[in-house]
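Structure first, then comments.
The numbers here are math on the coordinates, done by the rules we state, and not lab data. Note that this is a predicted model, so its numbers are computed, not measured. Because the Cβ atoms are built from the backbone with ideal geometry, glycine has one as well, and the counts that use them run over all protein chains shown.
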Amino acid sequence: MLEDTDPDHLEAIVELSLKNADVLKFRLAQVAAKFGALKRWRGSGSNRFGRDRLLEALEGTPVYDEALRAVLHEELAVERTAEILTAIQDGRIEVATVGERTPIGRGGRSSGQELLAPENADASVIRTVKERILDDRILLYCLHCNGWRSKRTVGSVADQPECPNCGSTHVAALNPWADEVIDAIEAEEKDDEQEKQTERAYRAGSLVQSHGKQAIIALAARGVGPHNAARIINKLREDEEAFYRDILEQERQYARTQSFWD
Ligand SMILES: [Zn+2]
């Protein structure tokens, strides 16, 4: 396929294959809701039949074109892929077979497509969620002495993280890019937003203090703040798969309600 597919036909081929893809149905329902074509969309996976009907009903309309355009140009990189195909076919890029997963392959596995998998996620989907979260980076910050911060992967965090300076276990797990949260915590005079951010960080810290790494894993999931992390942890799931299943469910909830793709 890499050597025989005409790069000029790529967009048409992708467009055809999208017709059965959940990603298009999902986008279609979002766009339709935005256009007001749907009064209210309950984007549940159990509604697969409804989404197929929606696709049939809207094909050829501006709503459909807009959803297709969004998927083709915002979520996929068709032009870049065509360039790569061209480079493979004229010998500028070599195709090699390796026996393990490559960094690009791993990236593809965890780029969020598990969010689009059927509702009753199977074990491999759950494993992908787990791998993605354990690979994510998190910033640990000591709320007791304010003198320690450390960026690391979720997977490498100790079961009960502790500040090496003061020994406190009141450690917040923060988004590693959220410098403004640390500014907020450390600000002497806080505005309303900073008060909120500080309160959230303290709630996250209490959760980590009482539940250790499990809290950090939950907090690292997409769209899971201290409130939902606490809810997930308080279910006290004994088996790990059920725990990650709850996390995935929460991420899906977030994907439905937020404009996850923007
Ligand atoms: Zn400390």
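Details
- Excluding same-chain neighbours fewer than eight residues apart, the lysines reachable from Lys25 by a Cα-Cα span under 16 Å are Lys34.
- Residues in segment 159-184 reached by a label modelled at Ser150 [backbone nitrogen below 11 Å; 7 Å Cα→Cβ]: 159-167
- Note on His9 and Ala57: with the Förster distance fixed at 35 Å, the Cβ-Cβ geometry gives a FRET efficiency of about 0.80.
- The string of couplings for segment 70-84 from the Karplus curve (6.51, -1.76, 1.60, θ = phi - 60°) is 4, 5, 5, 9, 9, 9, 10, 10, 5, 5, 5, 5, 4, 4, 5 Hz, one whole number per residue in order, with x for Gly and Pro.
- Each of Cys163, Cys145 was scored by other Cβ atoms within 10 Å of its Cβ. Listed from fewest to most, they are Cys145, Cys163.
- As a rough footprinting exposure proxy, the listed residues Trp177, Trp148 were ranked by other beta carbons within 10 Å of their own, and the order from fewest upward is Trp177, Trp148.
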